[in-house]
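Asks: Attaching a single structure in structure tokens format; questions to follow.
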Amino acid sequence: MGEIDDAIERADREAFTRQPPKTLQARINFLIKQLKTTKAVAAEIGVSQRSVERYRKGERKHPPRAIAERIDAAVRARWQPQVRRRRRKQAATAGGITVETRARFGYTAPVGTTDDGRFRRLTVHLPPAYAQRLFDAREAGSSDREMRAIIAEGFKEIYFQDGGVRAQGLSDVTLNDIDYLDLDY
């Protein structure tokens with residue numbers, strides 16, 4: 001996963017109205033309920049079907065860390081899909097998305113002005129159209145670079161050009177060397 005995917009996942013987790021199951025047995029039971037068979041759960045988390053059955057019965061309570069992390073990721077990916085869909089729909093139609101980042105911004109500017117990239121810490125609220133484009137790109141399996149371009153375009157329009165009021169000659173903004181990136185919607 002890229003930085004943008006991770007940021008979207010973090011924002012999704014913040015939207016949970018209930019916490020996911022805590023115990024290993026409850027997590028395995030949740031996955032079985034979602035995926036229908038122990039074989040499908042085993043394939044999802046990369047263990048044998050018998051291991052899944054042991055986890056389900058409580059015969060094994062402490063899987064190796066890598067497997068525990070895969071179980072956790074599988075549960076969180078399927079936890080409260082309606083809540084996630086509702087929040088994303090609201091962001092894409094009315095609320096927009098807030099991006100907080102510290103990154104190196106580079107841009108192409110007219111002759112006589114500086115176009116040297118530099119680190120900036122920005123918190124910018126992007127309109128719903130950018131949120132929709134970002135979610136659509138993620139669903140389509142776009143690369144992290146393509147999703148960065150969408151965010152950079154939003155920064156160009158909203159922050160650098162202030163909705164068309166200034167910096168008219170600015171043509172391209174790039175988002176490089178991301179120190180951190182956080183999304184909220």
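The values are calculated or read from the model by the stated rules, or taken from the named source; none is laboratory data. Here the structure is a predicted model, which means the values were calculated and not measured. Using ideal geometry, Cβ is built from the backbone for each residue, glycine included, and neighbour counts are taken over all protein chains shown.
Asks: Taking ARG102 as meeting all but one of (1) modelled with pLDDT under 85; (2) in contact with a Leu (Cβ under 9 Å, 6 or more places away or on another chain); (3) surrounded by fewer than 18 Cβ atoms within 10 Å (Cβ to Cβ), write down the number of the exception.
Replies: Result: ARG102 passes all but (1).
Asks: For the stretch 57-66, which positions are surrounded by 11 or more Cβ atoms within 10 Å (Cβ to Cβ) and either at pLDDT 95 or above or among the small types (Gly, Ala, Ser) (or both)?
Replies: Once the filter is applied, which keeps residues that are surrounded by 11 or more Cβ atoms within 10 Å (Cβ to Cβ) and either at pLDDT 95 or above or among the small types (Gly, Ala, Ser) (or both), the stretch 57-66 yields only GLY58.
Asks: Output the number of residues of the stretch 63-75 satisfying the condition of being in contact with a Leu (Cβ under 8 Å, 6 or more places away or on another chain) and under 11 Å from LEU24 (Cβ atoms).
Replies: Residues meeting the conditions: 4.
Asks: Could you please give the count of residues in the stretch 141-163 that are in a helix (DSSP H, G or I) and among the hydroxyl-bearing types (Ser, Thr, Tyr)?
Replies: So the count comes out to 1.
Asks: Considering (1) surrounded by 18 or more Cβ atoms within 10 Å (Cβ to Cβ); (2) in a helix (DSSP H, G or I); (3) at pLDDT below 90, say which one ARG85 fails and leave the rest.
Replies: The one condition ARG85 does not meet is (1).
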